Amino acid sequence: MSLPNTLSIFAAVFALAIGTAHAQATPAAFGKLPAPQPTEGGGKIEVIEFFWYANPSEGWGEMARVYYTLDAMGLLDKYHQRVFDAMHKENVNLGNKRLREAWLAKNGIDVAKYNDVEKSFSVATKLSRARQLTQAYQVDSVPRLVVNGKYYTAADLTGDKVFPTVDQMIAQVRKEKS
């Protein structure tokens, strides 16, 4: 999925070879960011997942607002998969306010409360942070996983071996720390 033109696309991708006896991913299954980013892990290894509900032709910002609003309402765990299914299985364009409000009501979510929370400082702050991270990590497709602000992978690099590749990236970070 592409982002607005204001975001740049990765200029360089460096393949890293990991010498493990049980390697389940190819050496080019993850790359190193040209400019490592600060982490918020507090000494722990941080793993960030970037994803979008929307299709490539739809703006990600509106659906990110849905995600953060449901999160702020304490409803994300219950409705996360339902939102995805509505978009991709039922072809409901939740980016359209009228259709979204009808879907919310149909699913038992108080539309007035949702609209209030959607305009909150908390949701606006999380959206702003998501935009900053998306630009800093130069995300040009999803899903994308980033480990410790330094290494990234995606399904288009690993196929069905995303999580074994994340394990390899974590092992690489641990090796570098020791």
Q) Does region 56-73 contain at least one residue that is farther than 23 Å from T125 by Cα and either in contact with a strand residue (DSSP E or B) (Cβ under 7 Å, 6 or more places away or on another chain) or modelled with pLDDT under 95 (or both)? A) yes
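Can you pull out the helices (runs of 4 or more DSSP H) entirely within region 35-140 that have at least 2 residues that are in contact (Cβ under 8 Å) with a residue 24 or more places away in the chain? If you could, list the steps in order and put the result at the bottom.
On the way: elements: 60-72, 76-88, 97-106, 111-118, 121-136.
Ranges flagged: 60-72, 76-88, 111-118, 121-136.
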Q: Take region 141-160 and flag every residue that is surrounded by 17 or more Cβ atoms within 10 Å (Cβ to Cβ) and not in a strand (DSSP E or B).
A: S141, V142, N148, G149, K150, L157, T158
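For the structure I just gave you, tell me whether V146 is within 21 Å of the chain's Cα centre (by Cα), touching a residue at least 12 places away in the same chain (Cβ under 8 Å) and more than 19 Å from A35 (Cα to Cα). I'd like the intermediate steps shown before the answer.
Values: within 21 Å of the chain's Cα centre (by Cα): yes; touching a residue at least 12 places away in the same chain (Cβ under 8 Å): yes; more than 19 Å from A35 (Cα to Cα): no.
Here the answer is no, as V146 does not meet what is asked.
The values are calculated or read from the model by the stated rules, or taken from the named source; none is laboratory data. Please read all numbers here as calculations on a predicted model, not as lab measurements. Backbone-built Cβ (ideal geometry, glycine too); neighbour counts: all protein chains shown.
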